[in-house]
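Report on one structure; see the data block that follows.
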Amino acid sequence: MNPLVQLRNAGQSPWYDYISRELINSGALKGMIDQDGLMGVTSNPSIFEKAIGGGTDYNTAMNELPPEVTNVKDIYETLAVRDIQDAADLMLPVYQESEARDGYVSLEVSPDLAFNTKGTIEEAVRLHKAVNRPNVLIKVPGTQEGLPAIETLLGQGININVTLLFSVEVYEQVAWAYIRGLQKYAAQQGNLKQVASVASFFVSRIDSLVDQQLAARLKQESSADMQKTYESLMGKVAIANAKVAYLKFQDIFASSQFLSLKQQGAQVQRLLWASTGTKNPSYSDTYYVDGLIGPDTVNTIPAATFTAFRDHGTVKPTLCEDIEEAKGVMERLASSGIKMQEVTDTLLKDGARLFSESFDQLMEVIRRKREG
């Protein structure tokens, strides 16, 4: 059987970390839903920059825009909202069959708003209304300024994909913000069965940065024992960190605060593994899918990794295995002098900056296409 389809039997939903007009119009997305058991789609500014800048698929749509749509950001939103709507329509049967658990398509608020609570709330409400589909998730970054926005938006019944999560501690804050948001929505007699959220925990970027720091220490280390410690941590921290986050997920969603909401039909806020393409060629090309399979999770898989996993992925409940070893990895990392909080703080700032840069590049691409 197709390993992507088998993921569903293990309790994990395969989503696709890419969207484009060509993917939708060619029938490829529909084929992935039918043949690969695809259960969701995610987008971000980098993805739209590749999609819109990478060919001529959007040229006709751009030329057909109403004359009053002249602002570059408005042009982008018009194009992006159309893609999200079309993908959401294709995903609607999955949404209905899964009873609002899956079948979602994600659209991100402007990265320029990552540290702006009020601006994030306003833009999320506007985008949610513009897409006007029950199975859209609005992406909000898990910054300290994003947390109150997440709670407020969920309190209005808007589905949220919390993005750019690296830290277990910040993930815990996000999960509790989800619960508080549901409590607010329930107090207004909102239908909790229709509210969904995922917490997007980025994975491979952690190994990329930690491995770099370990390699630098290894070069300067004279102690054989410490050299062994550094070597034993290479490529291990990202998955260990994710497993620790999953333990927190299990605790929080077994709490009395959540169980009272569950009785009213609330879903858990699933952990979504993001950034699961393998960046280090010495690791397996399915490393961050094979190693993170477990119930009540999502893996949003980039295109090359999706193809690789379909071909030779291995499905077994790895997320719940070797938990003590995962804790040991995090303890050894701390004793080696690498501070996880510094790593995750750096990655959050870098991630927000990279998305912002991609967004600026996307605006420039659209400006050039419009003028040309």
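The values are calculated or read from the model by the stated rules, or taken from the named source; none is laboratory data. This one's a predicted model, so the numbers in the text were calculated from it and none came from an experiment. Note that each Cβ is placed from the backbone with ideal geometry, even for glycine, and that neighbours are counted across all protein chains shown. Side chains included, ligands, DNA and RNA excluded: accessible areas come from the protein's heavy atoms. Shrake-Rupley method; radii C 1.70, N 1.55, O 1.52, S 1.80 Å.
Things to note:
- Selection status of Lys279, outside any helix (DSSP H, G or I), among the basic types (Lys, Arg) and touching a helix residue (DSSP H, G or I) at 6+ places or on another chain (Cβ under 7 Å): yes
- For segment 59-90, a tally of residues being at pLDDT 90 or above and open to solvent by less than 10 Å² (accessible area, probe 1.4 Å) returns 7.
- Within the option set Glu49, Glu99, being in a helix (DSSP H, G or I), in contact (Cβ under 8 Å) with a residue 24 or more places away in the chain and charged (D, E, K, R) holds for one residue only, Glu49.
- Scanning segment 87-106 for residues that are of a type outside the set (Val, Ile, Thr) and within 20 Å of Tyr18 (Cβ to Cβ) turns up Ala87, Ala88, Asp89, Leu90, Met91, Leu92, Tyr95, Asp102, Gly103, Tyr104, Ser106.
- Among (1) under 18 Å from the mean Cα position of the chain (by Cα); (2) surrounded by 20 or more Cβ atoms within 10 Å (Cβ to Cβ), the one test that Glu123 misses: (1)
- If you filter segment 313-348 down to residues that are out of contact with any Phe, Trp or Tyr (no Cβ under 7 Å at 6 or more places or on another chain) and among the hydroxyl-bearing types (Ser, Thr, Tyr), you find that the one that is farthest from Thr278 (Cα to Cα) is Ser335.
- Answer from Ser223, Ser200 - the residue that is within 14 Å of the chain's Cα centre (by Cα) and either within 25 Å of Ser43 (Cα to Cα) or not hydrophobic (A, V, I, L, M, F, W, C) (or both): Ser200
- Check on Gln269, open to solvent by 20 Å² or more (accessible area, probe 1.4 Å), farther than 18 Å from Ser204 by Cβ, modelled with pLDDT of 95 or more and polar (S, T, N, Q): no
Residues checked against (1) under 19 Å from Lys339 (Cα atoms); (2) open to solvent by 10 Å² or more (accessible area, probe 1.4 Å); (3) in contact with a Phe, Trp or Tyr (Cβ under 7 Å, 6 or more places away or on another chain):
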{"site": "Gln183", "(1), (2), (3)": "no, yes, no"}
{"site": "Ser200", "(1), (2), (3)": "no, no, no"}
{"site": "Val210", "(1), (2), (3)": "yes, no, no"}
{"site": "Ser222", "(1), (2), (3)": "no, yes, no"}
{"site": "Glu231", "(1), (2), (3)": "yes, yes, no"}
{"site": "Ala242", "(1), (2), (3)": "yes, no, yes"}
{"site": "Ala245", "(1), (2), (3)": "yes, no, yes"}
{"site": "Ser256", "(1), (2), (3)": "no, yes, no"}
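- Candidate set: segment 351-372, residues that are in contact (Cβ under 8 Å) with a residue 24 or more places away in the chain and charged (D, E, K, R); chosen: the one farthest from Ser204 (Cα to Cα): Arg370
- Set Gln361, Gln264: member being farther than 30 Å from Gly54 by Cα and either of a type in the set (Val, Ile, Thr) or open to solvent by 70 Å² or more (accessible area, probe 1.4 Å) (or both): Gln264
- Segment 12-35, subset open to solvent by 10 Å² or more (accessible area, probe 1.4 Å) and in contact with a strand residue (DSSP E or B) (Cβ under 7 Å, 6 or more places away or on another chain), residue farthest from Glu364 (Cα to Cα): Met32
- Residue check, Thr152 surrounded by fewer than 24 Cβ atoms within 10 Å (Cβ to Cβ), more than 23 Å from Ser256 (Cβ to Cβ) and either modelled with pLDDT of 95 or more or under 18 Å from the mean Cα position of the chain (by Cα) (or both): yes
- Subset tally (residues that are in a helix (DSSP H, G or I), among the aliphatic types (A, V, I, L, M) and farther than 16 Å from Val203 by Cα) for segment 334-350: 1
- Scoring Val174 on the criteria (1) outside any helix (DSSP H, G or I); (2) buried (at least 22 other Cβ atoms within 10 Å of the Cβ); (3) of a type outside the set (Asp, Glu) leaves a single failure, condition (1).
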